[in-house]
C-alpha cells in the first residue's frame, strides 16, 4: 500500500450513517427502562443501530488509515491505536475509541451476554461518546483538507 487521498464521499457517507444510527436510537422511548422494554422491537432496534453506528465509526478510521497512512488493520481496537500513532486522535480519544471497539466486539461476539438494561443505559447515557469520536474525525479532516479526494 502507498499513501493516497481518502475519499471524502466515503467518509461523509459513513458520517451520515453514524448520525442516522444515533438519531434512530434517540427516537426510541428512552425516558424510562419500562417504556423501552415494553415493545421488544425497541431493544432490537437499539442493538442494531448501536452496532451499525459503531461499525461505521470504526470504518471511517480504517479508511483514513488505509488511504492516507497506508496502514492496514485487521482488528477494530487497532484502529484506535493507529489513529493515535498518526495524530488523528488524542490520547483520550484513542482510549475512548478502543472502548467503543471493544463494545462493538461484545455486540457481535457476545451478544448473548448483553442485557436489556445494559443496552438501555448505554443508549440513554453514552451516545455522546460516539459523537465525540465523529467530531474528532471531522476536526482532523478539516485541518487536513489536502488529504481528501473530492471526486466521485
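The values are calculated or read from the model by the stated rules, or taken from the named source; none is laboratory data. All values reported here derive from a predicted model rather than from experimental measurement. When we count neighbours, we look across all protein chains shown, and the Cβ atoms used for this are built from the backbone with ideal geometry, even at glycine.
Laid out as a table, the results:
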| quantity | calculated |
| --- | --- |
| Sole residue being over 23 Å from residue 119 (Cα atoms) and free of Cβ contacts under 8 Å to residues at least 40 places away in the same chain, chosen from 52, 82 | 82 |
| Matching entry among 142, 121, 91 (being under 18 Å from residue 13 (Cα atoms), free of Cβ contacts under 8 Å to residues at least 40 places away in the same chain and more than 13 Å from the chain's Cα centre (by Cα)) | 142 |
| Options 18, 22, 71, 79; residue that is touching a helix residue (DSSP H, G or I) at 6+ places or on another chain (Cβ under 8 Å), under 30 Å from residue 144 (Cα atoms) and in a loop (DSSP other than H, G, I, E, B) | 71 |
| Residue 131 vs. criteria in contact (Cβ under 8 Å) with a residue 40 or more places away in the chain and under 17 Å from residue 49 (Cβ atoms) | yes |
| Residue under evaluation residue 121, criteria (1) at pLDDT 95 or above; (2) farther than 25 Å from residue 31 by Cα; (3) in a helix (DSSP H, G or I), criterion not met | (2) |
